[in-house]
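All remarks here apply to the structure that follows.
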Amino acid sequence: MLKEIIISAIETLPNDATLEEILDRIYVAINVNKGLEDVKNGKEITHEEFVKEMEQKWSYIGQKQRNTM
């Protein structure tokens, strides 16, 4: 499955694509596929849950940065 995702992603690029463009396309394709699989398996979260998780993460990172200064 992974090989097919990578091949499909690369085939959409022009022949003169840079390595950076290729790697970016592969990264996006793999993560989109992972997200679709998560949804199919009932692992999605609501927007509100996402915002709450990010606020907690950002708060923790901010505290950690202040403690190292």
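If the requirement is being modelled with pLDDT under 90 and more than 17 Å from E4 (Cα to Cα), which of these qualifies: N67, N15?
When all the criteria are applied, what remains is N67.
So how many residues does region 38-52 have that are in contact with a helix residue (DSSP H, G or I) (Cβ under 8 Å, 6 or more places away or on another chain) and of a type in the set (S, T, N, Q)?
Within region 38-52, residues that are in contact with a helix residue (DSSP H, G or I) (Cβ under 8 Å, 6 or more places away or on another chain) and of a type in the set (S, T, N, Q) number 0.
Quick check on my filter: what residues within region 32-42 are within 16 Å of T12 (Cβ to Cβ) and not hydrophobic (A, V, I, L, M, F, W, C)?
The one that is within 16 Å of T12 (Cβ to Cβ) and not hydrophobic (A, V, I, L, M, F, W, C): N33.
Output the residues belonging to region 1-17 that are touching an Asp or Glu at 6+ places or on another chain (Cβ under 9 Å) and either touching a residue at least 24 places away in the same chain (Cβ under 8 Å) or surrounded by fewer than 11 Cβ atoms within 10 Å (Cβ to Cβ) (or both).
The one that is touching an Asp or Glu at 6+ places or on another chain (Cβ under 9 Å) and either touching a residue at least 24 places away in the same chain (Cβ under 8 Å) or surrounded by fewer than 11 Cβ atoms within 10 Å (Cβ to Cβ) (or both): P14.
Looking only at region 1-23, how many residues end up being assigned to a helix (DSSP H, G or I) and not aliphatic (A, V, I, L, M)?
Going through region 1-23 one residue at a time, the tally reaches 6.
Quick check on R66: is it over 19 Å from the mean Cα position of the chain (by Cα) and outside any loop (DSSP other than H, G, I, E, B)?
yes
Pull out all pairs, ordered by first then second residue, where Cβ-Cβ is under 8 Å, the residues are six or more apart or on different chains, the first lies in region 18-43 and is without any contact (Cβ under 8 Å) to a residue 24 or more places away in the chain, and the second is charged (D, E, K, R) and surrounded by 11 or more Cβ atoms within 10 Å (Cβ to Cβ).
D38/E44
Can you pull out the residues in region 18-28 that are over 16 Å from the mean Cα position of the chain (by Cα) and open to solvent by less than 70 Å² (accessible area, probe 1.4 Å)?
Of everything in region 18-28, just one residue is over 16 Å from the mean Cα position of the chain (by Cα) and open to solvent by less than 70 Å² (accessible area, probe 1.4 Å), namely T18.
Within region 29-60, work out how many residues are of a type in the set (A, V, I, L, M), over 26 Å from I6 (Cβ atoms), open to solvent by 70 Å² or more (accessible area, probe 1.4 Å) and in a helix (DSSP H, G or I).
0
The values are calculated or read from the model by the stated rules, or taken from the named source; none is laboratory data. All values derive from a computational prediction rather than experimental measurement. Positions of Cβ are generated from backbone atoms using ideal geometry, with glycine treated the same way; all protein chains shown enter the neighbour counts. Side chains included, ligands, DNA and RNA excluded: accessible areas come from the protein's heavy atoms. Shrake-Rupley method; radii C 1.70, N 1.55, O 1.52, S 1.80 Å.
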